[in-house]
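Q: So that we are looking at the same thing, I have put the structure below in structure tokens.
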Amino acid sequence: MRALTLWKWVIVMSGVALTFVDFVVRAEAQPVTRRDLVSVGGGLGVKKEETALDAVLVFGEGKVDGIVEGDLVVVAGHMVLNGKVKGDVTVVLGDIQFGPEAEIGGKTTLVLSGSQGANYVDGDSTKFHKVLDLGNMSQLHEYLRRGVLRGRPIVPSSSGSLFFTLSTLLIIGLGGLIFKGTIGAGATVLVDRPVTALCAGLTFLTLSVPLTLILVVSVVGIVLVPFFLCMLVLTVILGNASVYIFLGRQLSRATGIEMLQRPLGAGVVGALTVLVLYMIPVVGCLTLGLVTTMAVGCVMLALLDAYRRETRLAAPAPISQDAPSTLPSIPEPAASIYPRAGFWRRLASMILDLSLIGIVTGMLWGSANFFFLTLMVYHVGMVAWRGTTVGKLVLGLKVVRLDGQPVGVLVALVRGLGAIFSTVMLMLGFLWVAWDVEQQSWHDKMAGTVVVRIPRGLSLVGLR
């Protein structure tokens, strides 16, 4: 009797165990259903036996081997899709890799994004849309994730970030060799007036945004935007060199190393110090903002100081009361012996002329279609007639021939055509003024002319 009872218990327990095992197997065989998956700056995964509703990945990496019932959205992230998405797939500033088992029920849209292994959908143009396909963007995603999200401009582990940094340093170094005077003056401004430089840079950068928007909205002013942006970039490059020298010299005073007082040694040490700070999370972005602001401010103040010095030098000497009431006449060739106009003063006059022609073109034709033709006629006509333009007239500049002869139509035309060549060669012909001994641009050399600064009190239109 007891043996029979024991066998009953064994049979019952065996049945219970088999039932439990069958339940576990069935449960594991059933797909796991989740709610919407959203990941920002992290990872997102849907395994092969899993099912999700909608999936959104921002600044991260993800992999989908299972099923997404709704849509899949990737923003500035990297996604590997080897499962099924019943809805649409949208990738913005991201990268997606399609596996052999990838299946998409809706449309696939790539906006400024890259894709790999998408041959299976290329045949259906109605479901696959590319807006500026950028290929593999994995390095960009790594920089966004490890750099931008962590608040640092330089990511040591990113080869692309290091290459861009070295390229930028090379450009800053070349700028330091070309514009030695401006960079040295900027470093001096940082020593004497650091707070003023910071405030000036902050003001300029703040006003540059609405100024650019005004130029764009005015339609005609769109032509001036590239020149303004080039000037801003050049200012930042030169200012960074000034900041590096300033920091290096401050470290020299603290350590007593005499070699760091020299511009080259101070610049190298200052640049290395800033690069190290750029790699630190949060501190890197704060350092970038501070360095950029002070860079722009010190260059602006240095240019303003240079303008004031030139104005004082160009001012005529006071006339004694015993001197005759009439001034002696100035001979024709005398204009060419006046001080040469520097790069920044000529750049300012060019911006004034471009603004004037932009306004006139908009009033006459309502568009910028005839801007360059009007600019060419304006320059050739004004230089041939009076040797100056409105912009040059405001800043006291005049175009004269080196041989002292009047600037006629032929010389003005040659100079105008040469200006086109200077522009086509990436504006190098205009930048040549900055390091040329005679402070001539390429079109000045072609025409045998030079731009001079006329002292106050003398008529610009009366000198040749």
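Q: Counting just the residues of region 39-66 that are in a loop (DSSP other than H, G, I, E, B) and free of Cβ contacts under 8 Å to residues at least 40 places away in the same chain, which one comes out nearest to V148 (Cα to Cα)?
A: Per the stated criteria, the residue is G42.
Q: Scan region 227-236 and tell me whether some residue there is open to solvent by 70 Å² or more (accessible area, probe 1.4 Å) and over 29 Å from R152 (Cβ atoms).
A: Within region 227-236 (the criterion being open to solvent by 70 Å² or more (accessible area, probe 1.4 Å) and over 29 Å from R152 (Cβ atoms)), the answer is no, since none of the residues qualifies.
Q: Looking at region 258-296, which of its residues are outside any helix (DSSP H, G or I) and either on the phi > 0 side of the Ramachandran plot or surrounded by 14 or more Cβ atoms within 10 Å (Cβ to Cβ) (or both)?
A: If the condition is that a residue be outside any helix (DSSP H, G or I) and either on the phi > 0 side of the Ramachandran plot or surrounded by 14 or more Cβ atoms within 10 Å (Cβ to Cβ) (or both), then R262, M279, I280, V282 are the ones that fit.
Q: Condition check: open to solvent by 20 Å² or more (accessible area, probe 1.4 Å) and of a type in the set (S, T, N, Q). Does T389 satisfy that?
A: Taking the combined requirement at face value, the residue does not satisfy it.
Q: Counting only residues that are open to solvent by 20 Å² or more (accessible area, probe 1.4 Å) and under 23 Å from I154 (Cα atoms), which one in region 246-257 is modelled with the lowest pLDDT?
A: Step by step, filter region 246-257, then rank; the result is L251.
Q: Here is a list of conditions, (1) without any contact (Cβ under 8 Å) to a residue 60 or more places away in the chain; (2) more than 14 Å from V451 (Cα to Cα); (3) aliphatic (A, V, I, L, M), and M427 meets all of them except one; can you say which number that is?
A: Among (1) without any contact (Cβ under 8 Å) to a residue 60 or more places away in the chain; (2) more than 14 Å from V451 (Cα to Cα); (3) aliphatic (A, V, I, L, M), the lone unmet condition for M427 is (1).
Q: Test I214 against the stated conditions and say whether it is touching a helix residue (DSSP H, G or I) at 6+ places or on another chain (Cβ under 8 Å), modelled with pLDDT under 85 and exposed (fewer than 14 other Cβ atoms within 10 Å of the Cβ).
A: Criteria met by I214.
Q: Might you let me know whether region 99-113 holds any residue that is modelled with pLDDT of 80 or more and polar (S, T, N, Q)?
A: Within region 99-113 (the criterion being modelled with pLDDT of 80 or more and polar (S, T, N, Q)), the answer is yes, since at least one residue qualifies.
Q: Pairs only if they're at least six apart or on different chains, beta carbon under 7 angstrom, first in region 67-81 and at pLDDT below 90, second surrounded by 21 or more Cβ atoms within 10 Å (Cβ to Cβ) and of a type in the set (D, E); list them, first residue then second.
A: H78/D95
Q: Does region 364-421 hold any residues that are farther than 14 Å from M446 by Cα, part of a loop (DSSP other than H, G, I, E, B) and touching a residue at least 40 places away in the same chain (Cβ under 8 Å), and which are they?
A: S367, A368, G387, T388, T389, L395, G396, G404, Q405, P406, listed by residue number.
Q: Going through region 336-358 one residue at a time, which ones are part of a helix (DSSP H, G or I), more than 22 Å from L232 (Cβ to Cβ) and open to solvent by 40 Å² or more (accessible area, probe 1.4 Å)?
A: I337
Here is a yes/no grid of residues against (1) open to solvent by less than 80 Å² (accessible area, probe 1.4 Å); (2) closer than 20 Å to F59 by Cβ; (3) assigned to a loop (DSSP other than H, G, I, E, B); (4) at pLDDT below 80:
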{"position": "D133", "(1), (2), (3), (4)": "yes, no, yes, yes"}
{"position": "Q139", "(1), (2), (3), (4)": "no, yes, no, yes"}
{"position": "E142", "(1), (2), (3), (4)": "yes, yes, no, yes"}
{"position": "R146", "(1), (2), (3), (4)": "no, yes, no, yes"}
{"position": "R150", "(1), (2), (3), (4)": "no, yes, yes, yes"}
{"position": "L174", "(1), (2), (3), (4)": "no, no, no, no"}
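Q: Please work out which residue is surrounded by the fewest Cβ atoms within 10 Å (Cβ to Cβ), limiting yourself to region 67-94 and to residues that are closer than 17 Å to L144 by Cβ and aliphatic (A, V, I, L, M).
A: V92
Q: May I ask you to list the residues in region 114-131 that are aromatic (F, W, Y) and either modelled with pLDDT of 80 or more or loosely packed, with under 15 Cβ neighbours inside 10 Å (or both)?
A: Hit for region 114-131 is Y120, nothing else.
Q: Let me ask another. Among the residues of region 396-446, which ones are surrounded by fewer than 14 Cβ atoms within 10 Å (Cβ to Cβ) and touching a Phe, Trp or Tyr at 6+ places or on another chain (Cβ under 7 Å)?
A: F421
Q: Moving on. I need the full set of residues from region 152-172 which are open to solvent by less than 60 Å² (accessible area, probe 1.4 Å) and either out of contact with any Pro (no Cβ under 8 Å at 6 or more places or on another chain) or in a helix (DSSP H, G or I) (or both), in order please.
A: If the condition is that a residue be open to solvent by less than 60 Å² (accessible area, probe 1.4 Å) and either out of contact with any Pro (no Cβ under 8 Å at 6 or more places or on another chain) or in a helix (DSSP H, G or I) (or both), then P153, I154, V155, S158, G160, S161, T165, S167, T168, L169, I172 are the ones that fit.
The values are calculated or read from the model by the stated rules, or taken from the named source; none is laboratory data. Just so it is clear, the structure is predicted and the values come from calculations on it, not from any experiment. Every residue, glycine as well, gets a Cβ built from its backbone with ideal geometry; the counts of neighbours run over all protein chains shown. Please note that ligands, DNA and RNA were not included when accessible areas were found on the heavy atoms of the full protein model with its side chains. Shrake-Rupley method; radii C 1.70, N 1.55, O 1.52, S 1.80 Å.
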